[in-house]
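Undergrad: Okay, here's the structure, questions in a sec.
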Amino acid sequence: MTLDALIAFLDRGGPAMLAIALLSVATLTLILWKAWDLARLGAWSRAASEAALTDWQAGRTEAALTLLAPRTGLRAHMAHRAMDSLRTLPEPAAREETVRVARGGLMKARRGLRALDLIATIAPLIGLLGTVLGMIEAFQALQDSGNRADPAALAGGIWQALLTTAAGMAVAIPASMALSWFDSVTDRLQAEMEDLATRIFVARQAAPQARP
């Protein structure tokens, strides 16, 4: 599609179509950024945490901490803080610290999702608003034309007005699909972090005198 054709297409839908076009750009940007952000936070990486947990359960505390120290993923960061807290704090305080770190990590994992949710909600509404305004304009033109009304012109005004509804749905559908996927990723991440923390504390209770 050439630039002139794109401008003509947007012009048919009026201000609502322009708003939807901007939302489409924002949606694509958010989806790409969020996928990169979750990868950066280690949403799909658990090997290092599992290896460190194996060392921890075997009593190799320093080896576990050394393995986790350079890692930046959410699981690894939480596991490192849990293990280090268990060495220096009473268990209740260590649990509180682990929960605090896990909660902060999950907030990072979920950032940007509210924006996607908002886009998925308002894009169809903006499209519907554009359609209603277009229909009002078309019927006003029909009224002004009186007996000289052209059914073809009326039909053209109506289908142009309906463009905004279709455009709004075209933006909302991928936004909703991406939001559902990101929600499932963060929910699984939360469950795995809870499981990891539980195994760390259980291992320490089973072997309170861990050797370095």
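The values are calculated or read from the model by the stated rules, or taken from the named source; none is laboratory data. It should be emphasised that the depicted structure is a prediction, and the values quoted were computed from it without experimental measurement. So basically every Cβ, Gly included, is an ideal-geometry build from the backbone, and we count neighbours across all protein chains shown. The area values use the complete protein model at the heavy-atom level, side chains included, leaving out ligands, DNA and RNA. Shrake-Rupley method; radii C 1.70, N 1.55, O 1.52, S 1.80 Å.
Undergrad: Does region 205-212 contain at least one residue that is modelled with pLDDT under 95 and surrounded by 12 or more Cβ atoms within 10 Å (Cβ to Cβ)?
TA: yes
Table: residues versus (1) without any contact (Cβ under 8 Å) to a residue 24 or more places away in the chain; (2) loosely packed, with under 14 Cβ neighbours inside 10 Å; (3) within 24 Å of residue 195 (Cβ to Cβ); (4) not aromatic (Phe, Trp, Tyr).
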{"position": "91", "(1), (2), (3), (4)": "no, yes, yes, yes"}
{"position": "95", "(1), (2), (3), (4)": "no, no, yes, yes"}
{"position": "100", "(1), (2), (3), (4)": "yes, yes, yes, yes"}
{"position": "105", "(1), (2), (3), (4)": "no, no, yes, yes"}
{"position": "110", "(1), (2), (3), (4)": "no, no, yes, yes"}
{"position": "116", "(1), (2), (3), (4)": "no, no, no, yes"}
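Undergrad: I'm checking my understanding of the structure. Among residues of region 11-30 that are touching a Leu at 6+ places or on another chain (Cβ under 8 Å) and open to solvent by 40 Å² or more (accessible area, probe 1.4 Å), which one is modelled with the lowest pLDDT?
TA: Here the residue is 12.
Undergrad: So which pairs qualify, if the first residue must be in region 43-60 and without any contact (Cβ under 8 Å) to a residue 60 or more places away in the chain, the second must be open to solvent by 80 Å² or more (accessible area, probe 1.4 Å), the Cβ gap must be under 6 Å, and the two must be at least 6 apart or on different chains?
TA: If the second residue must be open to solvent by 80 Å² or more (accessible area, probe 1.4 Å), the pairs left are 48/71.
Undergrad: If you don't mind, there's one more thing I want to ask. Across region 44-84, what is the number of residues that are surrounded by 21 or more Cβ atoms within 10 Å (Cβ to Cβ), among the hydrophobic types (A, V, I, L, M, F, W, C) and assigned to a loop (DSSP other than H, G, I, E, B)?
TA: 0
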